[in-house]
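Remarks on the structure that follows.
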Number of protein chains: 2
Amino acid sequence: MPLTIAFLVSHRMPTALDLVGPLEVIARWPIEKRLHVVAPDAGLKTFDTGLIFQAASLDAVPRADIVVVPGGSDPYVAMADELSKAWLRAQREHAKWIASVCTGSAVLAAAGLLAGRRATTHWTFREPLAALGVEVVPERVVVDEPFISAAGVSAGIDMALELTLREFGRDTTAAIQLGMEYDPAPPIDAGSPDKAPPEIVHRVRERIVRFISAQRP
Amino acid sequence: MPLTIAFLVSHRMPTALDLVGPLEVIARWPIEKRLHVVAPDAGLKTFDTGLIFQAASLDAVPRADIVVVPGGSDPYVAMADELSKAWLRAQREHAKWIASVCTGSAVLAAAGLLAGRRATTHWTFREPLAALGVEVVPERVVVDEPFISAAGVSAGIDMALELTLREFGRDTTAAIQLGMEYDPAPPIDAGSPDKAPPEIVHRVRERIVRFISAQRP
């Protein structure tokens, strides 16, 4: 039986890299597999950056071996979606791994799956996630089986490599990392609130919190 | 006038992260802008990982300020596409930047735009790129204005941050990097042929070269 991997997109404004980062890693696993992008509203959808992509219905994947929940710019929309949450609870019965990126962990928490569990999220969304009963760990990748969560946006690549390491070992992980030439070298070192200048951290936090709060029901 | 940024997808099997990495960065630029994904065959297209996305026609963007050429698993298809190459040559007349990721630089070279220019590409495709008259520089990001090229797949993120640094300065670059939480921490360090174990480098090179060569016209 091929491995079934489902990426759930229930944010109204999903973030493309949240989905594509792990997809790019998992699609290279040396095993027979089927990758599906599913959403409560199947059809053409739009990432928050404007790229238009196609999603299948939740019914198309009644039983996934691995679930990945990317995040997006409007977590409250996804957290309120009953169809997605019911589908996630059903997947929890059998899936080997349930992964999240960025605000994807808040969707899992809203579905009731992360109570008392250790998980991470985008650095600006730690407090709302903690308020859902999650033990928020401010790390880039957090494993609490069967859950594995990534911090914001780009952290999904590292999360998927960690999953690869656990499922396929070092050589396969190295081969995939090398194939993607993932040898990061950003021109500056400001990718976490500990590393960016404090005034930039303040400004980015204010902007994101304001944007997200405006959509809170 | 808003800035027009066009992502050209002319590979039959484009690589999603080649496009989405730079898209995720550029979409956060603090300026009015229009982002377009264009292809010689408009409509629904499929990334080599199976994700289906929508592209507009080349005619939809007669004049871009910035062009990004993502790569893909079948560079020879893209390098042979006369419509794409003519469009690229027309963009060269006015675009401020022409960027590439992975085998995207080979498409620029095939269009006659990189003769004698310094550029990079996926580490397995350096020799074919050099054979097109390009001075191949085995670095992650290479700038030879108006061209800026990235190495394989994930390097497009770093390339777009370098472009951000040059266009908008350190504070904006830091804010975008922090917003994407791009503080990479892969579980192992094997993302370049200098860092991966030699037998893995050999194996990955053989597989990719065989796959690409099989499609050579």
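The values are calculated or read from the model by the stated rules, or taken from the named source; none is laboratory data. Being a predicted model, the structure only gives us computed values, none of them experimental. FYI the Cβ positions are ideal-geometry reconstructions off the backbone, even for glycines, and counts take in every protein chain you see. Each accessible area value is taken on the protein alone, full model and side chains, heavy atoms only, with ligands, DNA and RNA left out. Shrake-Rupley method; radii C 1.70, N 1.55, O 1.52, S 1.80 Å.
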Legend entry - Sum of -39500 (n - 2.57) over DSSP H runs of 4+, divided by residues of the protein assembly as shown (222 nm, nearest 500): -11500 deg cm²/dmol
Inset, instruction - Between the alpha-carbon centers of segment A:32-65 and segment B:7-68, tell me the distance in whole angstrom. - result: 19
Inset, instruction - Compute the label zone of residue A:207 within segment B:154-168: residues whose backbone N is under 14 Å from the point 7 Å along Cα-to-Cβ. - result: B:164-165, B:168
Legend entry - Exam field: residue A:115 pseudo-label spacings to other copies (7 Å along Cα-Cβ), nanometres: 7.1
Inset, instruction - Please tell me which of these pairs span more than 23 angstrom C-alpha to C-alpha: A:195/B:195; A:33/B:195; B:33/B:96; B:45/B:85; A:45/B:85; A:45/B:33? - result: A:195/B:195; A:33/B:195; A:45/B:85
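To the nearest 100 Å², how much accessible surface do chains B and A cover up together, summed over both, with a 1.4 Å probe?
5200
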Inset, instruction - May I ask what percent, to the nearest 5, of DSSP beta bridges between residues of segment B:1-84 are antiparallel? - result: 30
Legend entry - Position residue A:33, label points 7 Å along Cα→Cβ, spacing to each other copy in nm (shortest first, one decimal): 3.0
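What is the percent carbon and sulfur in the accessible area of the protein assembly as shown, measuring with a 1.4 Å probe over the protein chains and ignoring ligands? Write out the running numbers ahead of the final one.
Details: 8130 of 16170 Å².
Exposed carbon and sulfur together represent 50 percent of the surface.
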Inset, instruction - On the full set of protein chains, 1.4 Å probe, figure out the accessible area of residue B:76 and give it in Å² to the nearest 10. - result: 30
Inset, instruction - Give the dimensionless ratio obtained when the Cα radius of gyration of segment A:136-217 is divided by 2.2 N^0.38 Å. - result: 1.36
Legend entry - Members of segment A:16-40 that become less accessible by 50 Å² or more once partner protein chains are added (1.4 angstrom probe, chain alone as reference): A:17, A:20, A:24
Legend entry - Accessible surface, the protein assembly as shown, averaged per residue in Å² (probe 1.4 Å): 37
Inset, instruction - Report Rg/Rh for the protein assembly as shown, rounded to two decimals, where Rg is the Cα radius of gyration and Rh the Kirkwood radius. - result: 0.95
Inset, instruction - Mind listing the label-point distances from residue A:94 to the same position on all other copies, shortest first, one decimal in nm, points 7 Å along Cα→Cβ? - result: 5.7
Inset, instruction - Find the centroid of the Cα atoms in segment B:138-161 and in segment B:173-205, then give the distance between the two in whole Å. - result: 14
Legend entry - P(r), alpha carbons of segment A:59-114 - 5 Å bins starting at zero, rounded %: 5, 21, 34, 26, 13, 2
Legend entry - Rg(Cα) / (2.2 N^0.38 Å) computed for chain B, rounded to two decimals: 0.97
Legend entry - Charge tally in the Cβ shell below 12 Å around residue B:48, where Lys, Arg are +1 and Asp, Glu are -1, residue B:48 excluded: 0
